1. Being of a type outside the set (Phe, Trp, Tyr), touching a helix residue (DSSP H, G or I) at 6+ places or on another chain (Cβ under 6 Å), open to solvent by less than 40 Å² (accessible area, probe 1.4 Å) and touching a residue at least 60 places away in the same chain (Cβ under 8 Å): is that true of Leu306 here?
2. What's the total number of residues in segment 253-273 that are out of contact with any Gly (no Cβ under 8 Å at 6 or more places or on another chain) and either of a type outside the set (A, V, I, L, M, F, W, C) or open to solvent by less than 60 Å² (accessible area, probe 1.4 Å) (or both)?
3. Residue by residue through segment 118-152, note down the ones that are open to solvent by 40 Å² or more (accessible area, probe 1.4 Å) and in a helix (DSSP H, G or I).
4. Find all pairs meeting these conditions: Cβ atoms under 6 angstrom apart; at least six residues apart or on different chains; first residue within segment 377-400 and among the acidic types (Asp, Glu); second residue open to solvent by less than 80 Å² (accessible area, probe 1.4 Å).
5. With segment 13-115 as the region, which helices (runs of 4 or more DSSP H) entirely inside it contain at least 2 residues that are crowded, with 16+ Cβ neighbours inside 10 Å and over 20 Å from the mean Cα position of the chain (by Cα)?
6. Output the residues belonging to segment 326-366 that are open to solvent by less than 10 Å² (accessible area, probe 1.4 Å), touching a helix residue (DSSP H, G or I) at 6+ places or on another chain (Cβ under 6 Å) and over 23 Å from Gln114 (Cβ atoms).
7. Can you find a residue that is open to solvent by 10 Å² or more (accessible area, probe 1.4 Å), in a strand (DSSP E or B) and touching a residue at least 40 places away in the same chain (Cβ under 8 Å) anywhere in segment 158-177?
8. Considering each residue of segment 274-295, count those that are hydroxyl-bearing (Ser, Thr, Tyr), outside any helix (DSSP H, G or I) and surrounded by fewer than 18 Cβ atoms within 10 Å (Cβ to Cβ), and give that number.
Amino acid sequence: MKKSLLDANLLKKYHNDIFFNYAEYPTKDNWNYNFHSEDYKKSLDDWLNKNKNEPILFYVHTPFCEQLCYFCFCSKEITKNYENVKNYLYNYLFKEIDLLFNFLNEKKIKLNVQEIYFGGGSPTYYKSEDFKKLINKLRNSFDFSKIGDFTVEIDPRRVDEEKLLFYHECGVNRLSFGVQDFDLAVQKRINRVQPPELFDKLLTKKVRDKYKVFNFDLLVGLPGQTNESIENTLDKVVQIRPTQIQPMLMHYDPFKRKYMIKMLKDGPLPDFFDRQHMFSIVKDKLTKAGYSRAGFESYALPTDPLSKAMENEKALYASLGTQIGAATNFVAVGSSAKGSLGDEYYSHNYYSMNLYQKSLDDGKLPVYRGIKLSKDDKIRRHLMNDLRTYFKINFKEIED
């Protein structure tokens with residue numbers, strides 16, 4: 001009892017309404033803002049020539065959504081005008097892909113792409129014919145025969161069984177669903193209503209037969225969440241039985257995303273102690289349901305590849321959650337897309353659509369900041385990745 005009280009007092013001492021979720025080190029505010037297109041090209045040439053066979057995760061960012069979710073911290077543009085989406089895809093994203101691969105071809109560099117990840121925004125916004133053309137564009141850029149995981153982030157309100165089966169025909173084999181919470185009161189406060197019954201229509205036998213791996217994203221610390229409500233949400237999640245679950249602590253920063261204040265209209269957010277307690281409920285509930293912890297914010301069934309990667313210490317916490325395989329090396333395209341080459345370089349595209357488009361119109365890759373890591377950066381980065389993935393530090397490895 002005394003220890004519990006001590007822990008509660010310690011947590012309340014460091015309580016803060018803002019929860020920062022840093023997925024990389026050094027953090028982006030320490031990157032070089034004079035690192036642009038030519039610097040990025042040099043980093044690609046330098047690293048890829050030294051690491052020709054290293055596996056690559058190719059990330060594609062689509063920044064569009066039809067409706068604003070008040071919890072969202074992603075880089076996105078809310079629009080119901082599909083012409084904006086097509087303009088981005090055909091006139092800019094395709095142009096960036098061409099610029100990138102024209103440069104790599106000039107340098108006689110072949111990307112060893114082994115994973116693909118479509119994030120957003122919402123890549124489910126694309127109509128089927130446009131999604132197919134994006135796939136064909138990538139097929140003409142690198143070898144699809146080596147692809148392992150091909151993930152698409154799914155807004156369950158914008159798809160049906162037919163569309164999920166269509167994605168599989170295009171080569172997609174892993175789905176990541178934005179669930180967040182199943183409590184209706186919480187959903188209304190975050191402006192994202194999607195009943196659990198929706199998944200009965202989506203995750204049919206046909207879909208489950210095609211997709212052996214699918215993930216649910218949950219958020220802990222949403223307005224209106226209580227211990228009881230989050231237990232009810234977890235009961236429904238466990239019943240649906242996704243192979244992977246990623247319960248993340250919500251990042252609240254109304255200074256950068258003013259609309260986040262709307263979540264507080266009917267009451268405050270759970271405080272720091274409440275969030276930590278709810279996170280412990282998640283851990284206990286999922287562990288009892290047969291899930292294994294996979295890093296700081298992920299869980300997986302024992303039969304899932306992520307659990308096996310954790311057992312063999314081949315997994316890594318990254319900006320996409322705990323990942324397997326090529327997640328350490330990102331080559332990324334799209335507005336706000338972030339790349340990383342081993343433990344050598346980070347790069348980041350423009351957030352602003354105007355600046356992203358202007359850079360491409362000028363024939364330049366749309367990179368607005370980046371960094372080459374120092375030896376000290378690499379050591380600290382390695383330490384933080386080990387802590388967030390395996391909760392331990394190998395001191396001998398660091399000393400060596």
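1. no
2. Residues in segment 253-273 being out of contact with any Gly (no Cβ under 8 Å at 6 or more places or on another chain) and either of a type outside the set (A, V, I, L, M, F, W, C) or open to solvent by less than 60 Å² (accessible area, probe 1.4 Å) (or both): 13 in total.
3. Ser128, Glu129, Lys132, Lys133, Asn136, Lys137, Arg139, Ser145, Lys146
4. Filtered contacts from segment 377-400: Asp377/Pro26; Asp386/Ile393.
5. Filter on segment 13-115 gives 37-50, 94-106.
6. Ser335, Leu360, Pro366
7. yes
8. 1
The values are calculated or read from the model by the stated rules, or taken from the named source; none is laboratory data. Because the structure is predicted, anything quoted here is derived from the model rather than measured. FYI the Cβ positions are ideal-geometry reconstructions off the backbone, even for glycines, and counts take in every protein chain you see. For accessibility, only protein heavy atoms count, side chains too; no ligands or nucleic acids. Shrake-Rupley method; radii C 1.70, N 1.55, O 1.52, S 1.80 Å.
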